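The values are calculated or read from the model by the stated rules, or taken from the named source; none is laboratory data. Note that the structure is predicted; figures quoted are calculated from it, not measured. We place every Cβ from the backbone using ideal geometry, glycine too, and count neighbours over all the protein chains shown.
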Amino acid sequence: MNTSAGSLTGTVTIDSSTDLVTYAAITFNNAAFGNPFFSNIGSPNSYNGLGQDYITATSNSPLNFGGQLALYYTTANIGSGNLSICLAVGACGGQNNQASTLQVYVNGYGGPFKITSGSLNPLSPALAPEPSSLVLLGTGILGLAGVLRRRMCKD
């Protein structure tokens, strides 16, 4: 994601059953603001094909007092690809405040900066191994232990 003041990089996890952000680790790449790290999820919501979340950053630098990322995104592709970010007022929905913005709390000018480009590629939760795979792995380990035991007993 990009703003007029720098880029945002990192990851988000979105629950495909609720369309809500469950994890965020986003860095605002701007050394003048101390590269704030946004990870505290607050007020997640999803309605009418839109997801929204306010992700905050605590201060991680003497250059800032934290900040807030207002993230609005479409939910149409959750689970199957990149998600569009609401970039301009009204572009994603009928409300006039549905544009993604970034605010950094500093003594000088810290935004809000409109997010001007980018997309979300939400991480899929890691799949748990199937029980049959675990049984197969366990059987292989036991077989290997038996072979090693026989070899050691022969010596």
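Points to keep in mind about this one:
- Residues satisfying the stated conditions in the range 36-50, i.e. more than 14 Å from Ala24 (Cα to Cα) and in contact (Cβ under 8 Å) with a residue 24 or more places away in the chain: Asn45, Ser46, Asn48, Gly49, Leu50
- Scanning the range 20-33 for residues that are in contact with a strand residue (DSSP E or B) (Cβ under 8 Å, 6 or more places away or on another chain) and not in a strand (DSSP E or B), we see that the one that is surrounded by the most Cβ atoms within 10 Å (Cβ to Cβ) is Phe33.
- Qualifying residue in the range 2-16 (condition: on the phi < 0 side of the Ramachandran plot, surrounded by fewer than 14 Cβ atoms within 10 Å (Cβ to Cβ) and in contact with a Phe, Trp or Tyr (Cβ under 6 Å, 6 or more places away or on another chain)): yes
- Scanning the range 8-19 for residues that are part of a strand (DSSP E or B) and out of contact with any Ser or Thr (no Cβ under 9 Å at 6 or more places or on another chain) turns up just one, Thr11.
- Scanning the range 36-83 for residues that are in a strand (DSSP E or B) and of a type in the set (Phe, Trp, Tyr) gives Phe37, Phe38, Tyr47, Tyr54, Tyr72, Tyr73.
- Counted residues, the range 32-54 - those being of a type in the set (A, V, I, L, M) and either more than 20 Å from Val104 (Cβ to Cβ) or at pLDDT below 90 (or both): 2
- Flag if Ala57 is at pLDDT 90 or above and either touching a Leu at 6+ places or on another chain (Cβ under 9 Å) or over 25 Å from Val106 (Cα atoms) (or both): yes
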